[in-house]
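Please treat every number below as a calculation from the coordinates, not as lab data. These numbers were taken from a predicted model, which means no experiment stands behind them. Every residue, glycine as well, gets a Cβ built from its backbone with ideal geometry; the counts of neighbours run over all protein chains shown.
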Amino acid sequence: MSDAVLQQLSEILKIRKSAAADDSYVASLHQEGLNKILEKVGEESFETILAAKDAEHSGDNTKVIYETADLWFHSLVMLSHLGEDSASVLNELERRFDLSGLKEKAQRKTD
């Protein structure tokens, strides 16, 4: 997924956040509040895990890709609800490029 797709999706989510709940699934999630959004993130996380386990055994990644897309989507809705977007996550990932995962983890223990 390119930055452009994430940026476009972030813009769509921003617009739909203020749409009528009857007209937009995203708006209905925002209207129901953070707990409902988090419920969907949790549901999609679980479905992604199950799909990954199935993919390991079957060798077919189709469902894990589908479920991961749902997980990413609902995670972006969560970020939108909190006033963030994909750029915030991409910036954090970029920050980590020159940071060893082991060193970063060790730093967390001392902070």
Fill in: Net dipole in debye of the chain [+1 Lys, Arg Cβ; -1 Asp, Glu Cβ; about Cα centre; nearest 20]
420 debye
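Classify the stretch 1-57 from the C-alpha gyration tensor, please: rounded if a/c falls under 1.5, else prolate or oblate depending on whether a/b exceeds b/c. Before the final figure, lay out each step's value.
On the way: a/c = 3.21, a/b = 1.47, b/c = 2.18.
Here the stretch 1-57 falls in the oblate category.
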Worksheet item: Taking the simple approach of a point 7 Å from Cα along Cα-to-Cβ for both residue 34 and residue 14, what is their distance in nm?
Response: 2.1 nm
Item to complete: Return the single residue from 73, 97, 46 with maximal mean-square fluctuation; model: Gaussian network over the chain, springs between Cα atoms under 10 Å.
Response: 97
Worksheet item: Along the charge dipole of the chain, which of 79, 27, 57 sits closest to the positive end, that is, farthest toward it, with unit charges on the beta carbon of Lys, Arg, Asp and Glu (+1, +1, -1, -1)?
Response: 79
Worksheet item: Say each of residue 50 and residue 91 gets a label point 7 Å from the Cα, pointing the same way as Cα to Cβ; how far apart are those two points in nm?
Response: 3.7 nm
Worksheet item: Looking at the square roots a ≥ b ≥ c of the eigenvalues of the Cα gyration tensor of the stretch 17-111, which shape do they give, rounded for a/c under 1.5, prolate if a/b is larger than b/c, or oblate?
Response: oblate
